[in-house]
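The values are calculated or read from the model by the stated rules, or taken from the named source; none is laboratory data. Just so we're clear, the structure is a prediction, and the values are computed from it rather than from any experiment. Glycine also receives a Cβ, built like all others from the backbone with ideal geometry; neighbour counts cover every protein chain displayed. Remember, those area values only see protein heavy atoms, side chains included, never the ligands or the DNA or RNA. Shrake-Rupley method; radii C 1.70, N 1.55, O 1.52, S 1.80 Å.
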Amino acid sequence: EASKISSGNITLTMQEINLKQLIKQTNGEFEEKFEAKNLDLICDLPEEQMLIMADGRRMFRVIENLYNNAAKYAMEGTRVYADLIEKQHTVEFSLKNISDQPLNISADELTERFIRGDVSRSTEGSGLGLSIAKNLTELQGGKFDLYLDGDLFKVTITFPKVAVRQGAKEA
């Protein structure tokens, strides 16, 4: 699957999706995983819906991979911040946390296939999560930015926003 995604050899079903709802759904699905590591999720979502054009299933995979990364690698007993921000023409979602281990690697290297932030991360998983999230984001017309500073890990995905039609009801 990772090879198909990185080569762009997948079929996308692009539709209008409410990124805010997807974030809320993911928050609920990761509540237990975060609690198990004593991670406090601080979520800042706007009141209004945040519409983007994306493949709903693939977009969930992106968000799920980012949350899984935080659940696995955030320092126990810290906070994970999830922010959804509307800009003039875009919608930005960022997830940031303090890493359990120092991030002695560049942001570019961290999104390459099979690369992990440090050697102690070789215990579980394939190291594909961020690579898949980046490739899927870009295939759907989004932008994927990773920022590392010491043990601060922050990923931001940005999509062009779809204007909310007058009279549209909040889901």
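Here is a list: LEU95, LEU41, LEU66. Which entry is aliphatic (A, V, I, L, M), open to solvent by less than 20 Å² (accessible area, probe 1.4 Å) and assigned to a strand (DSSP E or B)? LEU95 is the lone residue from the list that is aliphatic (A, V, I, L, M), open to solvent by less than 20 Å² (accessible area, probe 1.4 Å) and assigned to a strand (DSSP E or B).
Rundown of residues vs (1) open to solvent by less than 60 Å² (accessible area, probe 1.4 Å); (2) at pLDDT 95 or above, yes/no style:
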position: GLY117; (1), (2): yes, no
position: GLY127; (1), (2): yes, no
position: VAL155; (1), (2): yes, yes
position: PHE159; (1), (2): yes, yes
position: LYS169; (1), (2): no, no
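Taken together, ASN9, ASN27 contain a single residue that is in contact with a Cys (Cβ under 8 Å, 6 or more places away or on another chain) and without any contact (Cβ under 8 Å) to a residue 60 or more places away in the chain, which is ASN27. For the residues ALA133, ALA82, the requirement of being at pLDDT 90 or above, among the aliphatic types (A, V, I, L, M) and assigned to a helix (DSSP H, G or I) singles out ALA133.
Entry remark, region 44-63: residues being open to solvent by less than 30 Å² (accessible area, probe 1.4 Å) and in a helix (DSSP H, G or I) number 4 in total.
Listed conditions (1) touching a helix residue (DSSP H, G or I) at 6+ places or on another chain (Cβ under 9 Å); (2) at pLDDT 95 or above are all met by ASN69, apart from (2). Of all the numbered requirements in (1) in a loop (DSSP other than H, G, I, E, B); (2) at pLDDT 95 or above; (3) buried (at least 19 other Cβ atoms within 10 Å of the Cβ); (4) not small (Gly, Ala, Ser), GLU76 misses one, and that requirement is (3).
Within region 16-38, the set of residues being over 17 Å from the mean Cα position of the chain (by Cα) and open to solvent by 90 Å² or more (accessible area, probe 1.4 Å) comprises GLU32, GLU35, ASN38.
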